[in-house]
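Here's the structure, in structure tokens; my notes come after.
The values are calculated or read from the model by the stated rules, or taken from the named source; none is laboratory data. Everything numeric in this text was worked out from a predicted model, so none of it was measured. Cβ placement follows ideal geometry from the backbone for every residue including glycine, while neighbour counts extend to all protein chains displayed.
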Amino acid sequence: MLKKTLAGLGAGALLLGMTACGTEGGGGSGGDGNGGCVSEGGGGASDDGLVVGFAQVGAESAWRTANSESVQSAAEADDRIAELQFVDAQQEQENQIEAIRTFVTQQVDVIVLAPVVETGWTDVLTEACDAGIPVILADRGIEDADEDLYVTRLGSDFVEEGRKAGAWTVETFADDDNTRILELEGTVGSAPANDRNSGFFDVLDEESLPYELVDSQSGDFTAEGGKSVMETFISTHGLDDIDLLYAHNDEMGLGAIQAIEEAGYTPGEDIQIIIVDGSKAGFEAGVAGKLNYIVECNPVFGEQLMDVAVQVAEGEELDKFTAVEESVYGPDDFEAEVDNRQF
Ligand code: GYE
């Protein structure tokens, strides 16, 4: 529903939205796949185009910067979008909550949220629902209990990414008695940290790989975080008996590589390293032999997101989740792929 039209509708539209949330919001599962807010929110795009509010996570990684650029340039180039209101939440959930409340006050047509963490969204998303404004999740997901409070999610299958890292680990260390692993987790409570962890260890357990998780800590998806946690790992455990570092993103892996080198070890040889994302800098480290496996996570889905925003505004039925396409790369691929990287 367009901003200007909605403003004119006033309390009637508000009441309609509230009824939809009240009756369908508590279901938790099942439903028609569009949740309780959607049909009431979809008023159709007018010739003026949509006003979209986007509460982005922050600017913590090359992945994130590429994602913001992709969304902003797609909105700019798309005649169906009148305006994208972009908020960088600096990795703070409270900033995202504040941004959503502002979008509701401004009566934007569609809210796009890339949630920093999975929990704590019920109240603010109910407010958006009550205002009749549909919410799309971009990138990260939220807990299942709140699935009726958004229309659809467009992003990566993080469990699958973890599983790919796990499959390579099982294959690589199949002959070892006990694979000793360090894990650099993403932001605590975030969907990619939770899912990349569970997907990875599920595969190791399913395939009965003998392993020991020596330590696992969060580096908050940043290079500084990855480096300082790795320094702590090294001083606590040494590196002589460690086989593998599993870093939930490029930045943390690259920060860790620095710490490993500063401690006098050779990353990629003394310790094998997996990263997730696949930025150019990540591939360059691969070409230099400093890491061993890259699980791709694709941030360039801005154009697809604009399509979804228009469909949602028009009240179309959509799948609850659409995964972007992603691949995996080993040492034989690094050289050939490095120049293709878009971020
Ligand atoms: O892997 C990481 C970023 O949510 C998929 O967030 C995203 C993750 C990405 O900080 O680099």
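Collect the residues in the range 273-303 that are within 14 Å of the ligand (Cβ to nearest atom), over 30 Å from Val52 (Cα atoms) and touching a strand residue (DSSP E or B) at 6+ places or on another chain (Cβ under 8 Å), keeping them in residue-number order.
Listed by number, the residues that qualify are Ile274, Ile275, Gly282, Ile294, Val295.
Given (1) within 16 Å of the ligand (Cβ to nearest atom); (2) outside any strand (DSSP E or B); (3) buried (at least 19 other Cβ atoms within 10 Å of the Cβ), identify the lone condition not met by Asn95.
If we test Asn95 against (1) within 16 Å of the ligand (Cβ to nearest atom); (2) outside any strand (DSSP E or B); (3) buried (at least 19 other Cβ atoms within 10 Å of the Cβ), just (3) comes out false.
State the number of residues belonging to the range 153-179 that are of a type outside the set (D, E, K, R) and surrounded by 23 or more Cβ atoms within 10 Å (Cβ to Cβ).
7
Do the conditions hold for Lys227, that is, is it of a type in the set (Lys, Arg), in a helix (DSSP H, G or I) and out of contact with any Leu (no Cβ under 7 Å at 6 or more places or on another chain)?
Yes: the conditions hold for Lys227.
For the range 70-92, how many residues are within 16 Å of the ligand (Cβ to nearest atom), over 19 Å from Arg341 (Cα atoms), surrounded by 15 or more Cβ atoms within 10 Å (Cβ to Cβ) and not hydrophobic (A, V, I, L, M, F, W, C)?
2
Is there a residue being outside the structural domain of Asp109 (by TED's automatic domain parsing), buried (at least 20 other Cβ atoms within 10 Å of the Cβ) and in contact with an Asp or Glu (Cβ under 6 Å, 6 or more places away or on another chain) anywhere in the range 329-343?
Keep residues of the range 329-343 that are outside the structural domain of Asp109 (by TED's automatic domain parsing), which gives 329-343.
Narrowing further to those that are buried (at least 20 other Cβ atoms within 10 Å of the Cβ): 334, 343.
Still in the running and in contact with an Asp or Glu (Cβ under 6 Å, 6 or more places away or on another chain): none.
No: zero hits.
Name the residue that is surrounded by the most Cβ atoms within 10 Å (Cβ to Cβ), counting only residues in the range 180-211 that are in a helix (DSSP H, G or I) and acidic (Asp, Glu).
Asp195
Of the conditions (1) under 26 Å from Asp319 (Cβ atoms); (2) away from the ligand (no atom under 13 Å from the Cβ); (3) β-branched (Val, Ile, Thr), Ile181 clears all except one; give me its number.
(1)
What is the number of the single condition among (1) surrounded by 23 or more Cβ atoms within 10 Å (Cβ to Cβ); (2) assigned to a loop (DSSP other than H, G, I, E, B) that Asn67 does not meet?
Of the numbered conditions (1) surrounded by 23 or more Cβ atoms within 10 Å (Cβ to Cβ); (2) assigned to a loop (DSSP other than H, G, I, E, B), the odd one out for Asn67 is (2).
Search the range 225-245 for residues that are closer than 14 Å to Glu261 by Cα and pair each with any residue that is among the aromatic types (Phe, Trp, Tyr) and outside any helix (DSSP H, G or I) when their beta-carbon atoms are under 7 Å apart and the residues are at least 6 apart or on different chains.
Once the first residue is closer than 14 Å to Glu261 by Cα and sits in the range 225-245, its partners that are among the aromatic types (Phe, Trp, Tyr) and outside any helix (DSSP H, G or I) give Leu239/Tyr265.
Would you mind finding the one in Ala138, Ala145 that is within 13 Å of the ligand (Cβ to nearest atom), farther than 20 Å from Asp215 by Cα, modelled with pLDDT of 95 or more and assigned by TED's automatic domain parsing to the domain that holds Ala74?
Only one candidate passes the filter, namely Ala138.
Which of (1) part of a loop (DSSP other than H, G, I, E, B); (2) under 19 Å from Asp250 (Cβ atoms) does Ala165 not meet, given it meets every other one?
With (1) part of a loop (DSSP other than H, G, I, E, B); (2) under 19 Å from Asp250 (Cβ atoms) applied to Ala165, the lone miss is (1).
Residue under question is Ala59, and the condition is that it be farther than 19 Å from Ala313 by Cβ, within 15 Å of the chain's Cα centre (by Cα) and surrounded by fewer than 16 Cβ atoms within 10 Å (Cβ to Cβ); does it hold?
yes
For the range 121-143, which residues satisfy the criterion of being touching a Ser or Thr at 6+ places or on another chain (Cβ under 7 Å) and either surrounded by fewer than 21 Cβ atoms within 10 Å (Cβ to Cβ) or part of a strand (DSSP E or B) (or both)?
Ile136, Glu143
Could you check Pro192 against (1) under 15 Å from Asp277 (Cβ atoms); (2) more than 15 Å from the ligand (Cβ to nearest atom) and say which number it fails?
(2)
Among the residues of the range 267-302 satisfying the criterion of being among the acidic types (Asp, Glu) and in contact with a Ser or Thr (Cβ under 8 Å, 6 or more places away or on another chain), which is nearest to Val108 (Cα to Cα)?
Asp277
For the range 218-233, how many residues meet the condition of being closer than 27 Å to Ala174 by Cβ and in contact with a helix residue (DSSP H, G or I) (Cβ under 7 Å, 6 or more places away or on another chain)?
The qualifying residues number 1.
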